[in-house]
Amino acid sequence: MTPATGGGSRAATHRAQPASHPSADSIADSTLTPNSAGIGLRLSAAVARLPWWAQVLFIYGAARVFSALIFMGAALKQGVSPWFPAAPDYWNFIYIWDARWYGEILTNGYPSALPVSDAGVVQENAWAFYPVFPLLGRGLVLLTGMPTAAALTVVAMLAGIAASLVVYLLFRHLASHRDALWGTTFVAMFPVSAILQVPYAESLNLLLLSGALLLVLRHNFTWAIPVVLVMCLSRPVGVPFAAALGFLFLIRLYQAWRIPHRSPLNTRQLVELGALVVAGCVGAVLWPAMAWLATGDITAYTKTETVWRGEELVPFKPWFDTGIDLFGPVLGLVAPFVFAGLFTWLMFVPPVVRLGSEIRLWCACYMGYLLIFLHPQTSTFRLLLPLFPLALGAVWLSRSRAYRGTVLLMFGLLQLVWIVWLWAWAQLPGGGDYPP
């Protein structure tokens, strides 16, 4: 397990306002070649006649079945692991890694004191994991009596289904039905999208994050406050989201002062946005503060987060350490600057600019947060999921069916690599395994 600290121009945006009943653009036209025929063509045409939400659910469901098949295939080849004998079934296979920590929290809650070794070093413990996901699982257990693993899996799966619908609505606020559907398809097939159906908090966080972004885009800042507060207790995204809101407030305030007749927000909306900024700041420190109150250690959360990296938290340093490990003492020092430069360039590519200032601020602040606090390793791939709005930018890069189909094919192949390489357990020579 690797949490985020160790262990997401208005003038350039062309938005198509969502209709109550978007036209069912032909999936057959957008995903099949002219020579395609038979059952595939008839199925695509049938799906295209469905309401938008049914189209989204069909695509998301197909993506999750695809991931499940990869999981089941990998499970057949799985040897003995710390959690089960060889060749476990699907449900046991997905209930490993961080899922076990969420199960521990559901059953026993959080420790009142940080566990330490005989040398006084803080050990791995539950305070690294945010509480909303296991609390929902506990509520389901109390209501239904189902086992812990099943409850957490159901919560994750239902959150993923809901997230797919909200992601579509977010993209539909910016694009046509067809492009929004393609963007949702890209998200559903991301190389790490299999995480959305296992007992991890990622699917819940995706639901809350996409909902918060949608409310901000619609200027429903007051309604966004409770969503943002809950989101900040689902995964460590509070700091970058609060930063993005703060920058957005300053930009809108400047626009209201310099060009009041063309300002995107009126005075009341500016006040509401300011209140949302305050709520975001509160949410950003809420979980560390709760860990402090519960354990009596003001640095309880930070100490816990850094256990998995095995060293103190020093901003930016892990990127240079990893760069040196991968590329040597010279290129390794340059690599983080190249990576940051490439991402900055990406933020100014026309398809990304079309996403609008709110989305770009979120993506820039989240990546900045990772650059400052993350210890880059194999879990980094999973931690890039909150950058999901860039999927719509990838759709806008080309209208070519060949291009979009190739992206889906590559995502599917990379998903296979991610599950077989990182999710499946294969002990390294020095012990342990790379975390997903």
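Ordering SER112, PRO131, VAL237 by the projection of their Cα atoms onto the charge dipole of segment 10-423, which places +1 on the Cβ of Lys and Arg and -1 on the Cβ of Asp and Glu, puts VAL237 at the extreme positive end. Here the Karplus curve 6.51 cos²θ - 1.76 cosθ + 1.60, taken at θ = phi - 60°, turns the phi angles of segment 385-390 into couplings of 4, x, 7, 3, x, 5 Hz, with x standing for Gly and Pro. Considering only LEU214, LEU313, THR153, the residue lying farthest towards the positive end of the dipole of the chain is LEU214, judged by Cα position with unit charges set on Cβ.
Neighbour counts of other C-beta atoms within 10 Å: give me MET410, MET347 arranged from fewest to most.
Fewest-to-most Cβ neighbours within 10 Å comes out as MET410, MET347.
Taking a ≥ b ≥ c as the square roots of the Cα gyration tensor eigenvalues, with a/c under 1.5 meaning rounded and otherwise prolate when a/b beats b/c, else oblate, which class fits segment 134-292? Because a/c hits 1.5 or more and a/b fails to exceed b/c, segment 134-292 counts as oblate. Using r as the Cβ-Cβ distance of LEU76 and LEU135, and R0 as 25 Å, what FRET efficiency do you calculate, to the nearest 0.05? The computed FRET efficiency comes out at 0.15. Restricting segment 84-155 to chymotrypsin sites (Phe, Trp or Tyr not before Pro) that sit in a DSSP loop and have at most 10 other Cβ atoms within 10 Å of their own Cβ leaves nothing.
With only Lys, Arg, Asp and Glu charged, each at its Cβ (+1 for the first two, -1 for the last two), find how big the charge dipole of segment 10-423 is about the Cα centre; round to the nearest 20 debye. Don't skip to the answer; put the middle values down first.
On the way: 25 positive and 17 negative charges, 329 e Å.
Rounded to the nearest 20 debye, it is 1580 debye.
How do PHE249, PHE190, PHE58 line up, fewest other C-beta atoms within 10 Å first? Walk me through the intermediate numbers first.
Numbers: PHE249 19, PHE190 22, PHE58 15.
Sorted ascending by nearby Cβ count, the order is PHE58, PHE249, PHE190.
Tell me, what is the percent relative contact order of segment 10-423, built from C-alpha pairs under 8 Å that lie six or more residues apart? Relative contact order, segment 10-423: 19 percent.
Computed 3J(HN,Hα) for segment 326-340, one whole-Hz value per residue from the Karplus formula 6.51 cos²θ - 1.76 cosθ + 1.60 where θ = phi - 60°, is 8, 10, x, x, 9, 5, x, 6, 7, 3, x, 5, 5, 4, 5, glycine and proline marked x.
Using Cα centres only, tell me the gap between segment 239-290 and segment 115-140 in whole Å. A separation of 32 Å, based on Cα centres. Classify segment 231-365 from the C-alpha gyration tensor, please: rounded if a/c falls under 1.5, else prolate or oblate depending on whether a/b exceeds b/c. Judged from the Cα gyration tensor, segment 231-365 comes out oblate (a/c at least 1.5, b/c at or above a/b).
Just want the ordering: PHE337, PHE171, from fewest to most Cβ atoms lying within 10 Å of their own Cβ. If you can, show how the numbers build up before the last one.
Details: PHE337 12, PHE171 28.
If I rank by nearby Cβ atoms, fewest first, I get PHE337, PHE171.
Pairs of alpha-carbon atoms within less than 8 angstrom and 6+ residues apart define the contacts here; what relative contact order does segment 76-184 have, in percent? Display every interim value, and only then the final one.
Working: 83 pairs, mean separation 17.3, N = 109.
Here the relative contact order equals 16 percent.
Sequence-distant contacts, meaning Cα pairs under 8 Å at least 6 residues apart, place the relative contact order of segment 366-436 at 40 percent.
Put simply, the amide H of ALA175, placed in the peptide plane, has neighbours under 5 Å in ALA16, leaving out anything fewer than 5 places away on its chain. Between (i) 36.9, 154; (ii) 22.1, 69; (iii) 31.6, 121, which matches Rg and Dmax of the Cα atoms in Å calculated for the structure shown? It is the one labelled (ii).
Bear in mind that the values in this text are calculations on the coordinates, not laboratory data. As the structure is a prediction and not an experimental result, all values here were calculated from the model. So basically every Cβ, Gly included, is an ideal-geometry build from the backbone, and we count neighbours across all protein chains shown.
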